[in-house]
1. Name the residues in the range 239-273 that are outside any helix (DSSP H, G or I) and either within 16 Å of the ligand (Cβ to nearest atom) or at positive phi (or both), would you?
2. Suppose we filter ALA110, ALA118, ALA33, ALA96 for residues that are away from the ligand (no atom under 13 Å from the Cβ), among the small types (Gly, Ala, Ser) and closer than 22 Å to ALA292 by Cβ; which single one remains?
3. Is there any pair linking a residue in the range 42-57 that is within 18 Å of PHE86 (Cα to Cα) and more than 8 Å from the ligand (Cβ to nearest atom) to one that is part of a strand (DSSP E or B) and at pLDDT 95 or above, with Cβ under 6 Å and at least six apart or on different chains, and which?
4. Within the range 316-343, work out how many residues are surrounded by fewer than 16 Cβ atoms within 10 Å (Cβ to Cβ) and in a loop (DSSP other than H, G, I, E, B).
5. Looking at VAL381 and the list (1) crowded, with 16+ Cβ neighbours inside 10 Å; (2) assigned to a helix (DSSP H, G or I), which single condition is not satisfied?
6. Out of (1) touching a residue at least 40 places away in the same chain (Cβ under 8 Å); (2) assigned by TED's automatic domain parsing to the domain that holds VAL28; (3) aliphatic (A, V, I, L, M), the odd one out for LEU317 is which?
7. Among the numbered criteria (1) assigned to a loop (DSSP other than H, G, I, E, B); (2) within 23 Å of LEU178 (Cβ to Cβ); (3) small (Gly, Ala, Ser); (4) more than 10 Å from the ligand (Cβ to nearest atom), which single criterion is violated by SER301?
8. Just the residues that are within 18 Å of THR213 (Cβ to Cβ) and part of a loop (DSSP other than H, G, I, E, B), please, taken from the range 152-198.
Amino acid sequence: MKTDILVIGAGPAGSIACALLARLGRQVLCLEAGVFPRFQIGESLLPRCNDILDEAGLLSVVQARNFMPKPAALFLQGEMRERFSFADMFPGQRPAAMQVPRDDFDQTLATEARRMGADIRFQQRVDTIAFNGTQSVVQVTDVETGARSTVEAKFVIDCSGYGRVLPKLLELEKAPSLGPRVAIFNHFEGDLRPTGPEEGDIWACIHPRGPWTWIIPFKNGRTSVGVVAERAMAEAAGANDRERLLTLLSQDPNTQGRLGQARPVLKTARLEGWSAAVSKIHGPGWALTGNASEFLDPIFSSGVTLALESSSRAAKLAHRQLSGEAVDWDKEYAAVMDRAIGVFRVFVHSWYSGELQKVLLHQNKPESIKRAITAVLGGYVLDERNPFVRDANRTLTAAVKLA
Ligand SMILES: Cc1cc2nc3c(=O)[nH]c(=O)nc-3n(C[C@H](O)[C@H](O)[C@H](O)COP(=O)(O)OP(=O)(O)OC[C@H]3O[C@@H](n4cnc5c(N)ncnc54)[C@H](O)[C@@H]3O)c2cc1C
């Protein structure tokens, strides 16, 4: 079989690429190893996602799912708390995001991209690729039957997330800049949520001994809860992951107050070693997007936003290239994504050093600093009006001095 563009994986990165390419009239085949709906972690979106989904014609189907609106991010430590409302960003930036169970969200995107004309096939695992300039040969296995097939593609966009197909095949993997941590998580029922317009806020609670917890409320009454900790601390908290999760939650008055009466309803899950980096994110006939490129850390919920940002850019550039235009991938893709990820990288490192936690929780920040931080938390990491986008390190150093 032959296609113009092969997309590997039908997560958010894959589906946005499919939708955009189908809209542009480009032949696109997407091979997804799994079956949808499937559980995936990464449930809190940022307002910037809405712009990108809108551009790809996917926002209205997502909005029709009636997901929990996410108006703000709330950081809590002991008695201290600070709320960053997305209504207070720069003019033109969207005032809210969504909290999405990923089984529903990912299936909604893939179904709509298919309806728009993308050929998305499930249980099709990409095994190897031989790059031959503009006609690459891809070996595929049908996961259910074991049958092998071959696809020829003029361009490959790797959206395989944690599968990291091309980074492994092309030996692009680089040591990540962040130390390893463990996340232990589950969905809960019965949490004591705020009522009214703050119900959909994401909570990031700082545990008295260093870990932090996400609390992400859904419309279906369930709440996603996960603790991120150093491995040794997580291990010491119990004999199994469920016990570790419940123990760590019980030790922080903020999580205990909200979740003390709540019950986990799924099998407790654990992920570790998620930080990943690559030496290159594009090459002749291929590009990496989303988690198949670089993933930092869950703390600022940037994963899906960066997956959509990178994949929509890569899809449009691949289309231009196949249309005969000259594309400067270094300038138009690698440099742009490095810039976007770079802003979050500065924030993530500073969070774990403890400095950013002080800035976030500081009560009397100048309004201009608070607005600029909120816009980063909203995923607007390419908007030059923001001093953190122009120079994240310098602006953060100045903010730390004020805190
Ligand atoms: C603990 C934790 C918490 C997180 N919380 C958040 C959050 O709150 N908000 C947020 O935005 N992000 C969060 N993230 C990040 C988020 O999970 C990812 O950034 C996001 O899912 C990336 O989307 P993607 O489309 O790149 O990859 P994925 O969603 O992983 O999709 C990749 C798809 O590729 C398929 N695939 C893999 N290998 C192959 C193959 N060989 N052939 C065919 N298909 C293949 C997979 O089956 C999968 O469906 C979190 C991450 C972690 C680790």
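The values are calculated or read from the model by the stated rules, or taken from the named source; none is laboratory data. All values derive from a computational prediction rather than experimental measurement. Virtual Cβ from ideal backbone geometry, glycine too; neighbours counted across all protein chains shown.
1. If we filter the range 239-273 for residues that are outside any helix (DSSP H, G or I), which is where we start, we get 239-240, 251-252, 260-273.
Result: PRO264, LEU266, LYS267, THR268, ALA269, ARG270, LEU271, GLU272, GLY273.
2. Details: ALA110 fails: away from the ligand (no atom under 13 Å from the Cβ); ALA33 fails: away from the ligand (no atom under 13 Å from the Cβ); ALA96 fails: closer than 22 Å to ALA292 by Cβ.
On inspection, the qualifying residue turns out to be ALA118.
3. The qualifying pairs are PRO47/ALA97.
4. Looking only at that region, the number is 5.
5. (2)
6. With respect to (1) touching a residue at least 40 places away in the same chain (Cβ under 8 Å); (2) assigned by TED's automatic domain parsing to the domain that holds VAL28; (3) aliphatic (A, V, I, L, M), LEU317 is out only on (1).
7. With respect to (1) assigned to a loop (DSSP other than H, G, I, E, B); (2) within 23 Å of LEU178 (Cβ to Cβ); (3) small (Gly, Ala, Ser); (4) more than 10 Å from the ligand (Cβ to nearest atom), SER301 is out only on (4).
8. To start, the set of residues in the range 152-198 that are within 18 Å of THR213 (Cβ to Cβ) comprises 181-194, 198.
ARG181, GLY190, ASP191, LEU192, ARG193, PRO194 - these are the residues of the range 152-198 that are within 18 Å of THR213 (Cβ to Cβ) and part of a loop (DSSP other than H, G, I, E, B).
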